[in-house]
Structures are given as structure tokens and as C-alpha cells.
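The values are calculated or read from the model by the stated rules, or taken from the named source; none is laboratory data. Being a predicted model, the structure only gives us computed values, none of them experimental. Quick reminder, even Gly has a Cβ in these numbers, built from the backbone with ideal geometry, and neighbours come from all protein chains shown.
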């Protein structure tokens, strides 16, 4: 947020409903849910869903605590009565997925990210429920007038993309 407030960047992407945003305009893009990435033949083989309490019992590799996604996951685990204690942390989702591929760790990622990485056949992506939480992700732009033509175009594209993502997601 500081980069936007200091006029060092024109826009950014962030969670819109988890931590204070400051003086910015927002364009919601999609609601993020969470999935357990784990060995397909592991403890949860064939399961359609898992709970946060079940996730907390696994050897986890998670993002570093300075990342908002990690703070969200930690809070969900604490809400399920689990003290988050990952055995490996990284600031790279590619590193997390690489460790999950070994079959020795599991991780938690949003489906939009897990799907874009292209998971190997040996990794299961299982929706985490109880509770089935969502967090809004969107575009942030500085709250200043007039906006530059670039920011105006970016906001227009973000609104178009949000409609496209809503159509792809379908009814819940």
C-alpha cells in the first residue's frame, strides 16, 4: 500500500477484505477459496473435501509469514484449533509445489494459482471446507483525480476480467 500512497506505482493486486487498504480505489476480481495440495495416494486419497482441522495435522510447507496469504491460512488453522507449525516455508509457490510433488509435504493454495501452475498427476487438489471461506482479491489503484489514461484503461480491463471470471466460476 505504501508504494501506491507514495505514488511509486500506479496499481497493485491484493486481498480486499482481510487487512486495511488505506486510501485506494478497488476493483474486485474474484473470490479466493483454498485447496489442499497433497499426494494423490496419501492420507486423503479419493476424498472430495477436507477440513481445516485435517489440514493442520499434515506436514505442511507454506508461504512465509510476511505474506498475507500465509496470515489468512494461519488464522484458519487457529480457528480450527491448530497451531500453525509448517516444517518448510518459502516465498515461492513453485518451491511449495515442488516439495508437495515429493509426497512428503502438503500445502495450501488458492485453486486459481494451483491450476495455473499445472499440477502433476501425483498431486491431488482438494477443496478445504468447514468453513468454506473466501477472500476477495482485486485491483488497487491510487485514489487520485484525474487518473492517468493507463490507470483508466487498467481499471476498465479489470472490470471486464472480473465479469469473465464470474461467468467461468458459475453459480455457487
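The figures follow:
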quantity	calculated
Criterion (in contact with a strand residue (DSSP E or B) (Cβ under 8 Å, 6 or more places away or on another chain), in contact (Cβ under 8 Å) with a residue 12 or more places away in the chain and part of a loop (DSSP other than H, G, I, E, B)) met by exactly one of 62, 36, 7	7
Residue that is nearest to the chain's Cα centre (by Cα), among those in the range 92-113 that are within 18 Å of residue 129 (Cα to Cα) and buried (at least 22 other Cβ atoms within 10 Å of the Cβ)	109
Test: residue 41 is in contact (Cβ under 8 Å) with a residue 40 or more places away in the chain, part of a loop (DSSP other than H, G, I, E, B), surrounded by fewer than 19 Cβ atoms within 10 Å (Cβ to Cβ) and in the same structural domain as residue 123 (by TED's automatic domain parsing)	yes
Selection count where residues are under 15 Å from the mean Cα position of the chain (by Cα) and under 24 Å from residue 146 (Cα atoms), scope the range 13-49	5
Whichever residue in the range 10-22 is in contact (Cβ under 8 Å) with a residue 40 or more places away in the chain, in contact with a helix residue (DSSP H, G or I) (Cβ under 7 Å, 6 or more places away or on another chain) and part of a loop (DSSP other than H, G, I, E, B) and, among such residues, is surrounded by the fewest Cβ atoms within 10 Å (Cβ to Cβ)	19
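For (1) surrounded by 11 or more Cβ atoms within 10 Å (Cβ to Cβ); (2) farther than 30 Å from residue 48 by Cα; (3) modelled with pLDDT of 85 or more; (4) under 20 Å from the mean Cα position of the chain (by Cα), each residue gets a yes or a no:
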| position | (1), (2), (3), (4) |
| --- | --- |
| 132 | yes, no, no, yes |
| 135 | yes, no, yes, yes |
| 140 | yes, yes, yes, yes |
| 143 | yes, yes, no, no |
| 149 | no, yes, yes, no |
| 152 | yes, yes, yes, no |
| 155 | yes, yes, yes, no |
| 159 | yes, yes, yes, yes |
| 162 | yes, no, yes, yes |
